[in-house]
1. So, restricting to helices (runs of 4 or more DSSP H) that lie completely within the stretch 164-224, which ones have at least 3 residues that are assigned by TED's automatic domain parsing to the domain that holds residue 126 and under 9 Å from the mean Cα position of the chain (by Cα)?
2. Would you tally the residues in the stretch 169-210 being on the phi > 0 side of the Ramachandran plot and surrounded by fewer than 15 Cβ atoms within 10 Å (Cβ to Cβ)?
3. Give 115, 108, 146 a once-over and let me know the one that is out of contact with any helix residue (DSSP H, G or I) (no Cβ under 6 Å at 6 or more places or on another chain) and more than 25 Å from residue 47 (Cα to Cα).
4. If I filter the stretch 2-24 for residues that are under 19 Å from residue 123 (Cβ atoms), at pLDDT 50 or above and surrounded by 10 or more Cβ atoms within 10 Å (Cβ to Cβ), do I get at least one hit?
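The values are calculated or read from the model by the stated rules, or taken from the named source; none is laboratory data. Predicted model, so just to flag it, every value in this text is computed and none were measured. Neighbour counts run over all protein chains shown; Cβ positions are idealised from the backbone, glycine included.
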């Protein structure tokens, strides 16, 4: 009897140990899966819809397609998109249910600052006077003139050429009203999985880089058809 009890105790002990080991393995697997689980990505179209003061949009609010542009004013590929690709897309989808949105944004520099933050702020100052869509490509053109690029003089000359109220525009620059907006947009772009420019959110799907026009059109058409 004593031997039988000892045998049963050993069997019970092994079962307990086995259960602990299996439980530990399952817990480890669960924690590992959790650690490598990708966070849910933010839909920038919905972000701009919920925070209209943070974005600039044109086109019907109920459009079948919403394309959000994320560009940095010091990015050459962003310049190429705005000066070459964007006008072609505008013409191709004139009158179509497409909503064009820009998320004013700035990339971090090597020292952790945001070199083009002030130009992004200037674009929103122009937006106060309804001139964002004219100022936006013009700000990229300033890259052709290094002495004016990303400078107050360059923004003022651009604003003057667009016929803006210069006193109001200068006051907006001085007050720096929009830096918090740009920083919120930077966080939103990161939460959407964007770390480089130009990037685009087309109905929540991310398209990276200044792709050929056909690539943009194929993606847009897939939602229109």
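1. Helices (runs of 4 or more DSSP H) meeting the threshold: 179-191.
2. Of the residues in that region, 3 qualify.
3. Being out of contact with any helix residue (DSSP H, G or I) (no Cβ under 6 Å at 6 or more places or on another chain) and more than 25 Å from residue 47 (Cα to Cα) holds for just one of 115, 108, 146, which is 146.
4. Of the residues in the stretch 2-24, the ones under 19 Å from residue 123 (Cβ atoms) are none.
Scanning the stretch 2-24, I find no residue that is under 19 Å from residue 123 (Cβ atoms), at pLDDT 50 or above and surrounded by 10 or more Cβ atoms within 10 Å (Cβ to Cβ), so the answer is no.
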